[in-house]
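See structure below.
What follows is calculated from the coordinates using simple rules that are stated; it is not laboratory data. Since this is a predicted model, take the numbers as computed values, not measurements. Cβ atoms come from the backbone with ideal geometry, glycine included; neighbour counts cover every protein chain shown.
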Amino acid sequence: MGEILFLAHRMPFPPNRGDKIRSHHVLRCLAGIAPVHVATFADDAADLAEEGELDKLAASHCLVLRSKNLALAGVEGLLRGKPVSLTAFHHPAIAVYVRKVLAERPIDTIYAFSGQMGQYIPDDFAGRVLFDFVDVDSAKFEAYAQSARAPRKWIDAREARLLTAEEARLARRSAVSLLVSNEEAALFRARLNPEDRATCDIRALRNGIDSRLFDRSLMRPAPAMLDRAGPRMIFTGQMDYAPNIAAAERAIERILPLVREAFPDASFHVVGRNPPEQLLARHGQNGAFVWGGVEDIREWLAAADLALVPLELARGIQNKVLEAMSMGLPVVLTPAAATGIGGIDAHHYAVADSDLALAERAIALLSDHDHGWAMGLEARRFVVEGMSWQATLAPLAAMLGLGEAAARHAA
């Protein structure tokens with residue numbers, strides 16, 4: 001085959017948050033198949049510092065620091081009749097690079113990661129397009145709109161409506177549209193009109209986990225967390241993301257007090273980058289601790305007795321759940337957080353919906369150490385045997401049009 005153009009809304013290095021973990025492993029898989037040219041955005045100086053790693057992997061690249069603020073993107077979106085999600089990621093340097101690469105290199109496939117990057121695919125590109133939506137952004141904004149107040153309600157409803165149309169356009173433009181789970185693919189398909197639903201190829205490409213990296217036996221537990229004598233529960237994630245903030249607040253305000261009725265010295269630890277002030281203000285109060293970004297999340301997972309993931313809004317497969325399972329932790333989570341993983345309730349994890357039910361399942365696992373340990377072992381066995389990145393990304397070669405023998409070689 002020819003060469004590949006990879007478009008990603010965030011720099012795939014370092015792989016330290018959900019979307020970047022997925023794009024990182026997809027990019028590595030593609031680079032093992034053919035030369036890859038990468039156009040992507042850096043969020044901050046930490047992303048820019050990883051440009052050398054990108055340069056090692058890519059045949060060429062264009063890395064642009066995304067500096068357009070949300071207010072400017074909003075005004076631009078209103079003037080152009082575009083979703084703010086698109087105008088926030090519109091940059092002329094990316095467009096120039098894409099045109100140059102397509103003109104000068106034998107590109108026969110464009111792999112676009114996340115809906116924001118569809119705007120860079122030329123209408124006259126005659127090759128194959130694989131579009132990795134990951135999850136259904138339009139549905140996410142619909143959910144935001146339902147719980148928001150004016151004017152935010154109107155803004156989110158507008159974004160949902162425009163993104164629905166953009167997602168349908170991109171699905172028609174693509175040879176294959178990819179979502180992170182069967183459930184997310186079914187939701188995406190259901191939102192298309194009947195004609196598009198019948199003609200667009202919508203598939204699931206699940207996230208994986210590097211279980212050799214996330215291995216509790218190799219880690220020294222974080223001393224700061226071990227200082228807490230009682231049962232230690234943990235929640236991890238990018239903590240400037242609204243659903244993660246809501247989940248952490250739910251745990252601190254409504255679930256932790258119920259657990260502390262059974263275990264007065266129980267603690268709940270929020271670990272992840274950029275927590276807002278309202279969470280930081282809870283640090284050290286009533287068993288809640290908010291640590292912010294840490295050097296190695298595995299040390300903190302290794303210090304925990306249980307992962308509590310009370311997400312009410314969750315799109316796709318939660319990497320935080322896979323990481324906890326790979327570390328051998330018993331996980332108590334909502335149905336939304338369990339979506340797409342495929343495990344069995346009460347065997348690989350414990351599913352509950354209400355605050356009381358989540359607290360009861362956490363108490364049961366913390367009260368019976370042997371049961372919690374056994375669930376953690378089954379969770380790790382589940383991800384080791386069936387959710388490696390090599391296994392989950394194996395279908396990519398065939399989607400690129402390689403023959404069966406070549407696909408096996410690439411895998």
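One table, with the values for the structure above:
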{"item": "Among the listed pairs Lys20/Lys68; Lys20/Lys100; Lys20/Lys153, those beyond 27 Å (Cα-Cα)", "result": "Lys20/Lys153"}
{"item": "Contour excess over end-to-end distance, with Cα ends at Ala93 and Arg197 and 0.36 nm allotted per residue", "result": "34.0 nm"}
{"item": "Percent RCO, i.e. relative contact order, over the chain, from Cα pairs under 8 Å lying at least 6 residues apart", "result": "13"}
{"item": "Alpha-carbon centroid distance for the pair segment 350-403 / segment 258-295, whole angstrom", "result": "24"}
{"item": "Taking segment 116-186 and dividing mean pair separation by its residue count, relative contact order in percent (alpha carbons under 8 Å, at least six apart)", "result": "44"}
{"item": "FRET efficiency for Ser147 and Ala59, using Cβ-Cβ distance with R0 set to 60 Å, rounded to 0.05", "result": "0.85"}
{"item": "Listed candidates (1) 31.2, 102; (2) 21.3, 73; (3) 21.6, 67 - label of the one calculated as Rg and Dmax of the Cα atoms in Å", "result": "(3)"}
{"item": "In range of the label at Leu226: residues from segment 299-330 whose backbone nitrogen is under 17 Å from the point 7 Å along Cα→Cβ", "result": "299-306"}
{"item": "The chain - mean residue ellipticity at 222 nm from DSSP helices (-39,500 (n - 2.57) per run, n ≥ 4, rounded to 500)", "result": "-12500 deg cm²/dmol"}
{"item": "Segment 281-382: GluC sites (Glu not before Pro) in DSSP loop, at most 11 other beta carbons within 10 Å", "result": "Glu295"}
{"item": "Cα→Cβ-extended label distance, 7 Å offset, between Ala157 and Leu48, nm", "result": "4.1"}
{"item": "Acute angle (nearest 10 degrees) that the helix 369-386 long axis makes with the longest principal axis of the chain, alpha-carbon atoms", "result": "10"}
{"item": "Mean-position separation - Cα centroids, segment 69-128 and segment 131-182, in angstrom", "result": "17"}
{"item": "Per residue, the convex hull volume that the Cα atoms of segment 216-386 enclose (Å³)", "result": "99"}
{"item": "Angle between the chain longest axis and helix 152-173 axis [Cα atoms, degrees, rounded to 10]", "result": "50"}
